[in-house]
1. What accessible area, summed over both chains, is buried at the D-F interface (1.4 Å probe, Å², nearest 100)?
2. Express the accessible area of chain C per residue in Å², computed with a 1.4 Å probe while the remaining protein chains stay in the model.
3. Under a 10 Å cutoff between Cα atoms, tell me which one of F:F111, F:F101, F:F24 has the largest fluctuation in the Gaussian network model of chain F.
4. If you fit an axis through the alpha-carbon atoms of helix F:20-30 and take the longest principal axis of the Cα set of chain F, what angle between them do you get, 0 to 90°, nearest 10?
5. By the scheme Lys and Arg +1, Asp and Glu -1, what is the net charge of all other residues having a beta-carbon under 14 Å from that of E:L114?
6. Return the whole-Å distance between the Cα centroid of region C:51-124 and the Cα centroid of region B:20-63.
7. Return the carbon/sulfur percentage of the accessible area of the protein assembly as shown, one whole number, probe 1.4 Å, all protein chains in place.
8. For peptide F:90-98, how many partner chain Cβ atoms fall within 10 Å of a residue's Cβ, on average?
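The values are calculated or read from the model by the stated rules, or taken from the named source; none is laboratory data. Just so it is clear, the structure is predicted and the values come from calculations on it, not from any experiment. As a convention, Cβ positions derive from the backbone with ideal geometry for all residues, glycine included, and neighbour counts pool all protein chains shown. Each accessible area value is taken on the protein alone, full model and side chains, heavy atoms only, with ligands, DNA and RNA left out. Shrake-Rupley method; radii C 1.70, N 1.55, O 1.52, S 1.80 Å.
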Number of protein chains: 6
Amino acid sequence: MSDSDDTPRHARHTVFGRQHDRIFERLSSLDPDLSDYIRDFAYDTVYDRGGLDLKTQELLACTLLLTLGSPDELKTHLRGAMLSGATEAEVRETLLFAAPFVGFPKVVAAFGQLKSLLDGKQQP
Amino acid sequence: MSDSDDTPRHARHTVFGRQHDRIFERLSSLDPDLSDYIRDFAYDTVYDRGGLDLKTQELLACTLLLTLGSPDELKTHLRGAMLSGATEAEVRETLLFAAPFVGFPKVVAAFGQLKSLLDGKQQP
Amino acid sequence: MSDSDDTPRHARHTVFGRQHDRIFERLSSLDPDLSDYIRDFAYDTVYDRGGLDLKTQELLACTLLLTLGSPDELKTHLRGAMLSGATEAEVRETLLFAAPFVGFPKVVAAFGQLKSLLDGKQQP
Amino acid sequence: MSDSDDTPRHARHTVFGRQHDRIFERLSSLDPDLSDYIRDFAYDTVYDRGGLDLKTQELLACTLLLTLGSPDELKTHLRGAMLSGATEAEVRETLLFAAPFVGFPKVVAAFGQLKSLLDGKQQP
Amino acid sequence: MSDSDDTPRHARHTVFGRQHDRIFERLSSLDPDLSDYIRDFAYDTVYDRGGLDLKTQELLACTLLLTLGSPDELKTHLRGAMLSGATEAEVRETLLFAAPFVGFPKVVAAFGQLKSLLDGKQQP
Amino acid sequence: MSDSDDTPRHARHTVFGRQHDRIFERLSSLDPDLSDYIRDFAYDTVYDRGGLDLKTQELLACTLLLTLGSPDELKTHLRGAMLSGATEAEVRETLLFAAPFVGFPKVVAAFGQLKSLLDGKQQP
């Protein structure tokens, strides 16, 4: 499941960054077939289509995960959005934009994940 | 509620295009306060923040409405995305991108709205 | 399933009003056990607890159905709220109140059901 | 996309029955890539795993679509459940079983789809 | 964002009680614009409309948050309902009332939040 | 609420196994009426209908709870499925089957609950 080559060739390498192998190891520990489906279909098929730039895809992913209420995946993709070229300000805009569509409670929860991510980064 | 000035000054003029006044007339017929809140908060406050380009906002809006299962609003914003500079191909990418996150049934329904929009446009 | 006695004894008689028997006949045509569970558990057990006044219960029901996106049941309980003593203004307040929690699209859809109900009533 | 061979080899042939080609033609008219993903991933990868019998899979599909509120797909899989060996009584049990978990409104809507399916079948 | 004046003038002062400033400080630490939107739109515009009494609004809020699955906000508004004049019994009625509409799991989770709130209060 | 007789007579005895009394004691500590409704309606009425075998019911329950995002109840019914005769492999198939319908994030969360259950079992 991990790639022997150091060069990122897939969107997932950029999105997950240095956590790439850890994320797929955890998925594989949950269920190997689940992990393969996520890698092969979600990432190497859908993410790698190339019709949208990766930054836009990651902002869409943050919106989808905010709506679903999946806090761990949201945190991963808030980080992934910034690894794909989004500024913190653009990520904040994306979360705020959802409020009139899905209401404040889901947006507050999403900003909680963002704060947790940013606070964690500031630690030495 | 309608603006006497022809020049679009708000995101909502671009997003709704020639249907702007019709849309707010319908909202007002549902409830005048509801219509005002949507115009003043959702559009003139959140949409007009300016931190994301309007095309990205509309792709986010399509994703949010696909997830919510709001077919009429989705159709309006599929149109709005294209009025804001997204190509049909980019709109299709946006809908396909949601599949691994929220599953196929909601994506199929969204493409049904897109087909209805595109078929309607082709009529003389 | 219908009650031979004309006197309303259950909350469901007030909520459904003159549509009581028609509603349970339709439910029974869908599935007799489903109809019995709705009558015996949802109405004659939960609705009839008596710890909240029926008007408050019906405003809660409208909120729940707005959130669920069940348009037919919502219309029935918008009517039920008014049959239980809520004014049209109070029903409008209830729908507007949901907007910051669940976003505008679901509230717009709910006002569409209210408009349909009120328009239908005005017909001779 | 359609298979030249008359013999069903995939779960989708049993689930969709005589509507197989029509369903994939419609999906393809919505978006060819969407149609391919549904055929190749949802059906020929996940449905064809073989770890559960097809009847159980279809009852699970009905439950998932009842919960999602996707009426067209639900109707297709209510039919698919019966084409996969479930009796009408077992389909009814499956829908009733969901009530304590997701509430009555979604179950009532699902029985509406079942009634529509069964009524349609009885027509000459 | 905090009000220098001790006298509650807004619904949010009653709903949040002594936690008012702490709640808005936390929201502001998440995102200052988010905090302002919640204060200005959700509370000082929608909550302060005055068309429903605050106790009814808070019971509606509990229902909305039970349905959304937002545990922290639910706990805040379970407390808010009681600060707005609802008895514990009325709050319990409100949560039980949701069961036939949205199913038991969400209601069980809501009672878990209520128990946590009530247990916390009993501590010296 | 607990049964004096050791012999399981209800589906709930098999589904909950040795945790039966603990589960209902906790429900009763949340709210006695809630506990009674779950026992009398959800279990002794719906679960005990007898139209589907208990293993199938539990796989349906896992699907419903995966979709609802109720982690504690999901874990209880993942265990319940295995106590009702499902193999671990069948439980995994059930969770994987949901992915094309509801997307990967909910399925990943469900496998997290399964891993937690299986890891807990392996401890001495």
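1. Working: alone 7710 and 7720 Å², together 12750 Å².
Counting protein atoms only, the buried area is about 2700 Å².
2. With all protein chains present, chain C gives 40 Å² per residue.
3. Residue with maximal mean-square fluctuation among F:F111, F:F101, F:F24: F:F101.
4. Once rounded, the angle reads 80 degrees.
5. For residues surrounding E:L114, the net value is -2.
6. 23
7. 47
8. 6
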